[in-house]
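Before any comments, here is the structure.
The values are calculated or read from the model by the stated rules, or taken from the named source; none is laboratory data. Note that the structure is a prediction, hence the values are computed from the model and not measured. Every residue, glycine as well, gets a Cβ built from its backbone with ideal geometry; the counts of neighbours run over all protein chains shown. Only protein heavy atoms, including side chains, enter the accessible area calculation; ligands, DNA and RNA are left aside. Shrake-Rupley method; radii C 1.70, N 1.55, O 1.52, S 1.80 Å.
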Amino acid sequence: MVADRDGEGAAAVATEIGERAIAVTVDVAVEEQVQDMVARAETAFGDIDLIFSNAGIGTGGGVEVSDDGWQNIWEINVMSHIYAARAVLPKMIERGEGYIASTSSAAGLLSQIGSAPYAVTKHAAVALAEWIAITHGNDGIKVSVLCPQAVRTAMTAGGPGVAGVDGMMEADEVAEIVVRAIDQERFLILPHPQVLEYMRRKTSDYDRWLSGMRRLRERFLAGV
């Protein structure tokens, strides 16, 4: 099942997959629609083996962003993953098996220069995936979280911004990496391998890492 707020886009992908695929129009910020999506998938295919919660949006700004702006990105980047997990976990736990995958961002492991809402919500998405893996791993639930830097999608149509520091990847390339990682049951999916080294630097010396991030911010603002 291919689900998206863009129903025509979902239908195009389903057609590309083949005759067994179906498409639904879903606003993942609305829990009732997520529940209905899962019910329709179960009716069409039976038990759900894997759900991939991929929706996300970006916005610029810091703490001055309006409450409505914070709430909007929170609902898409965090609550949609909660709704997806809430819809499938009970039956997966009952069966003793299931896979929950989601998309966060390298910003969820590091930070996002220029956007506090994006950095905060992507950190929350990683934290949710960690919690599910810790809490339900012994129930047979597998978990993966995708944390890329810049990928060529609608979100980066205006340019990758500072996330493009290590280059822009194509969506098809990332998809292949995701499939391999799920096959290997890896929790952390890093299409840009440099992110792992950045994480190590961050955890080994937090103050030095913060200093380096400030320098990166200054370079980005200066257009260097």
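Based on alpha-carbon atoms only, what is the radius of gyration of segment 160-224 relative to the globular estimate 2.2 N^0.38 Å? It would help to have the intermediate numbers written out before the result.
Details: Rg = 14.6 Å, N = 65, 2.2 N^0.38 = 10.7 Å.
Cα-based Rg divided by the globular estimate yields 1.36.
When the accessible area of segment 108-201 is computed with all protein chains present and a 1.4 Å probe, what percentage of it is carbon and sulfur? Provide the component values of the computation, followed by the final result.
Details: 2530 of 4620 Å².
Carbon plus sulfur share of accessible area: 55 percent.
Which GluC sites (Glu not before Pro) from segment 61-105 combine a DSSP loop assignment with at most 11 other Cβ atoms within 10 Å?
Details: sites: GLU64, GLU75, GLU94, GLU97; in loops: GLU64, GLU97.
Passing sites in segment 61-105 are GLU64.
Relative contact order, percent, of segment 88-139 when contacts are C-alpha pairs under 8 Å separated by at least 6 residues? Don't skip to the answer; put the middle values down first.
Numbers: 31 pairs, mean separation 18.4, N = 52.
Value for segment 88-139: 35 percent.
Provide the per residue accessible area, probe 1.4 Å, for segment 91-224, rounded to a whole number of square angstrom. Don't jump to the answer; show the numbers that get you there.
Values: 7290 Å² over 134 residues.
Per-residue value: 54 Å².
With N residues in the chain, what two-decimal value do you get for its Cα radius of gyration over 2.2 N^0.38 Å? Mind dumping the intermediate values first?
Details: Rg = 17.9 Å, N = 224, 2.2 N^0.38 = 17.2 Å.
Its radius of gyration relative to the 2.2 N^0.38 Å reference: 1.04.
Binning every alpha carbon pair distance of segment 14-90 at 5 Å from zero, what are the percents per bin?
Bins of 5 Å from zero give 3, 14, 22, 21, 15, 11, 7, 5, 2, 0 percent of pairs.
Which whole-number percent is the relative contact order of segment 1-117 (Cα, under 8 Å, 6+ apart)?
Computed value for segment 1-117: 27 percent relative contact order.
Straight-line reach from LYS91: which lysines fall under 30 Å, measuring Cα to Cα and dropping same-chain residues less than 8 apart?
Straight-line reach from LYS91, under 30 Å: LYS122, LYS142.
Angle between the Cα long axis of helix 194-204 and the longest principal axis of the chain, 0 to 90 degrees, nearest 10?
Computed tilt is about 70 degrees.
Could you list the trypsin sites (Lys or Arg not before Pro) in segment 1-87 that lie in coil according to DSSP, counting only those with at most 13 other Cβ atoms within 10 Å of their Cβ?
Values: sites: ARG5, ARG20, ARG40, ARG86; in loops: ARG5, ARG20.
In loop regions of segment 1-87 (DSSP not H, G, I, E or B), the sparsely surrounded trypsin sites (Lys or Arg not before Pro) are ARG20.
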